[in-house]
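First the structure, in the form of structure tokens, and then the observations on it.
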Amino acid sequence: MTVNRHWRLASYPEGMPSEANWTFTEGPIPEPGPTAILARAIYLDVAPYMRGRMSPQKNYAPGVKLGDVMIGGGIGEVIESNAAQYKPGDFVVTDHGFGWQQYAVLQPSAVRKVERELAPLPYWLDALGLNGMTAYFALLDAGRMRPGETVVVSAAAGSVGQIAGQIARLGGARAVGITSSATKAAWCREAGYADVVEYRNEPDLRAAVANTCVAGVDVFIDNTGGPIHDAVMQNLATYARVVIVGSISLAAKFGQPDIGLRFQRQTLIARATIRGFLVSDYQHQQAEARRRMAEWCRAGLMKSRFDIVKGIENMPQAFLRLLTSQNLGKQLVQVADEPA
């Protein structure tokens, strides 16, 4: 390979993104600076947070500018290194800094070394990556989950969801997943959920949650927003904790007012806490959390499903699969074969 192929943001979407919002371009393979490394992508990430970055509106982090390479994490093999701690042949992972491209120059402070003997490569963008840290801290810190409580997780068959169900089970809680299909529900049960609600098959989702959570919902990890949020908010237990992690169901309405039911009365009666969540607030605690997650992986207590699309030319399609709930498990794009 003598060129670097990448996807650049061509326009800001209005509502649901389409492939027309990106352009596929080529350029020279970049040269690493005095302290940097050059990595060749093996797996690239697509994740719900990227929808928020495709906008000029103010957000919790800077958006992608028109003409820039699309933001994203990745796992790569070090091809060239000017950093003492990395050598060619090492594998590294970065949560945001790789971008939708085949080759990236990365600073050592932005990457972590991958230990292939601990877990297969895709896990480093899942349980041992940003999604694992999200599930871990959303449940154990923001949600203050306790043994015996009922924990409800929306988008339960996605990357954060599949990990959250397993952490809840390991912590002695009763995990209830909300997902879209029987196939996804089967995986949720395998991943540790005691019960699953298939929201597309429920004419009255509020009643379905009530029937499944007869004593109310103690912790709600909300990855979707929208009607699922509305149904759970009407079933809160006393002193419930609601953790707003994402709003992927609103991807087609980004930038528009989030108009729906209001739950001030339910929140007051339950004395509930509603909290916004960003995993970036836990940077200084992630090393210990990742150590615990690694122990669970090593012991066979943490497993994941992966939905892998092959070819960098299919990055937009993979992202749109995620936004429209077509994926089962962690959505990734495999750009190159894994080295032996």
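Some notes on this structure:
- Residue satisfying condition, being hydrophobic (A, V, I, L, M, F, W, C), at pLDDT 95 or above and over 11 Å from GLN101 (Cα atoms), within set LEU9, LEU44: LEU9
- Against the conditions (1) among the small types (Gly, Ala, Ser); (2) assigned to a helix (DSSP H, G or I); (3) crowded, with 19+ Cβ neighbours inside 10 Å, SER304 satisfies every one except (2).
- The residue that is surrounded by the fewest Cβ atoms within 10 Å (Cβ to Cβ), counting only those in the range 85-134 that are more than 17 Å from ALA47 (Cβ to Cβ) and touching a Cys at 6+ places or on another chain (Cβ under 9 Å), is LEU118.
- For SER325, the requirement of being part of a loop (DSSP other than H, G, I, E, B) and touching a Gly at 6+ places or on another chain (Cβ under 8 Å) is not met.
- Any chance LEU261 is hydrophobic (A, V, I, L, M, F, W, C) and either part of a helix (DSSP H, G or I) or not assigned by TED's automatic domain parsing to the domain that holds ALA138 (or both): no
- Scanning the range 51-78 for residues that are of a type outside the set (D, E, K, R), modelled with pLDDT of 95 or more and outside any loop (DSSP other than H, G, I, E, B), we see that the one that is surrounded by the fewest Cβ atoms within 10 Å (Cβ to Cβ) is VAL69.
- Across the range 270-286, the qualifying residues are those that are part of a helix (DSSP H, G or I) and surrounded by 11 or more Cβ atoms within 10 Å (Cβ to Cβ), and the one among them that is farthest from the chain's Cα centre (by Cα) is ALA270.
- Highlighted here are the strands (runs of 3 or more DSSP E) found entirely within the range 159-231 that include at least 1 residues which are among the aliphatic types (A, V, I, L, M) and touching a Leu at 6+ places or on another chain (Cβ under 8 Å): 195-198, 217-222.
- Any chance ALA252 is touching a residue at least 60 places away in the same chain (Cβ under 8 Å), in the same structural domain as VAL160 (by TED's automatic domain parsing), surrounded by fewer than 19 Cβ atoms within 10 Å (Cβ to Cβ) and part of a helix (DSSP H, G or I): yes
- Residue within the range 79-93 that is β-branched (Val, Ile, Thr), outside the structural domain of LYS253 (by TED's automatic domain parsing) and assigned to a loop (DSSP other than H, G, I, E, B) present: no
- Scanning the range 228-255 for residues that are touching a Gly at 6+ places or on another chain (Cβ under 9 Å) and either at positive phi or modelled with pLDDT under 95 (or both) gives GLY246, SER247, ILE248, SER249, LEU250, ALA251, ALA252, LYS253, PHE254, GLY255.
- Listed by first and then second residue, the pairs linking a residue in the range 152-169 that is not assigned by TED's automatic domain parsing to the domain that holds VAL232 to a residue that is hydrophobic (A, V, I, L, M, F, W, C) and surrounded by fewer than 24 Cβ atoms within 10 Å (Cβ to Cβ), with Cβ atoms under 8 Å apart and 6 or more places separating them unless they lie on different chains, form an empty list.
- Identity of the residue in the range 292-309, within 19 Å of the chain's Cα centre (by Cα) and without any contact (Cβ under 8 Å) to a residue 60 or more places away in the chain, that ends up farthest from TRP124 (Cα to Cα): VAL309
The values are calculated or read from the model by the stated rules, or taken from the named source; none is laboratory data. As the structure is a prediction and not an experimental result, all values here were calculated from the model. For neighbour counting, all protein chains shown are included, and Cβ atoms are generated from backbone atoms with ideal geometry for every residue, glycine included.
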